[in-house]
């Protein structure tokens, strides 16, 4: 499966449908797997998205601890779905396959970034203001 074939295999509708199944307990599970997430996020095609993955993780963390609630739950659920996909060992393309092993993970994160870009940008701006 090529990267383009995978990207076209998960539609916006499927992403949203899978995101709707995410609950708060899954968000807390993702937060508990920070080391696994960041370890995988530095490999293969995911490495190019490492800073974005860190931002998404922090967005979930800030939402769950109540620091940032300016987005709908479905946005957080979509991010949790994407991060959980990265963490999960059960992928469309197994992670141990050289070169393409993280391609599906990267495609799911890229789709998340695309579909939720407005809410992510608002969070990014909020986070920058909060630092100063």
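Between residue 25 and residue 128, the C-beta separation translates, for a Förster distance of 22 Å, into a calculated FRET efficiency of about 0.15. Normalised by the number of residues in the range 3-131, the average gap of Cα pairs under 8 Å and 6 or more apart makes the relative contact order 34 percent. Evaluated at 10 °C with a viscosity of 1.306 mPa s, what Stokes-Einstein diffusion coefficient in µm²/s does the range 3-131 have when Rh comes from the Kirkwood expression over alpha-carbon pairs? Translational diffusion coefficient: 108 µm²/s. Residues 108, 36, 80 in ascending order of nearby Cβ atoms (within 10 Å, fewest first): 36, 108, 80.
Each value in this text was obtained by applying a stated rule to the coordinates, not by laboratory testing. The model shown is predicted, which means the values in this text are computed figures rather than measured ones. Here Cβ is always computed from backbone atoms with ideal geometry, including for glycine, and neighbour counts include all displayed protein chains.
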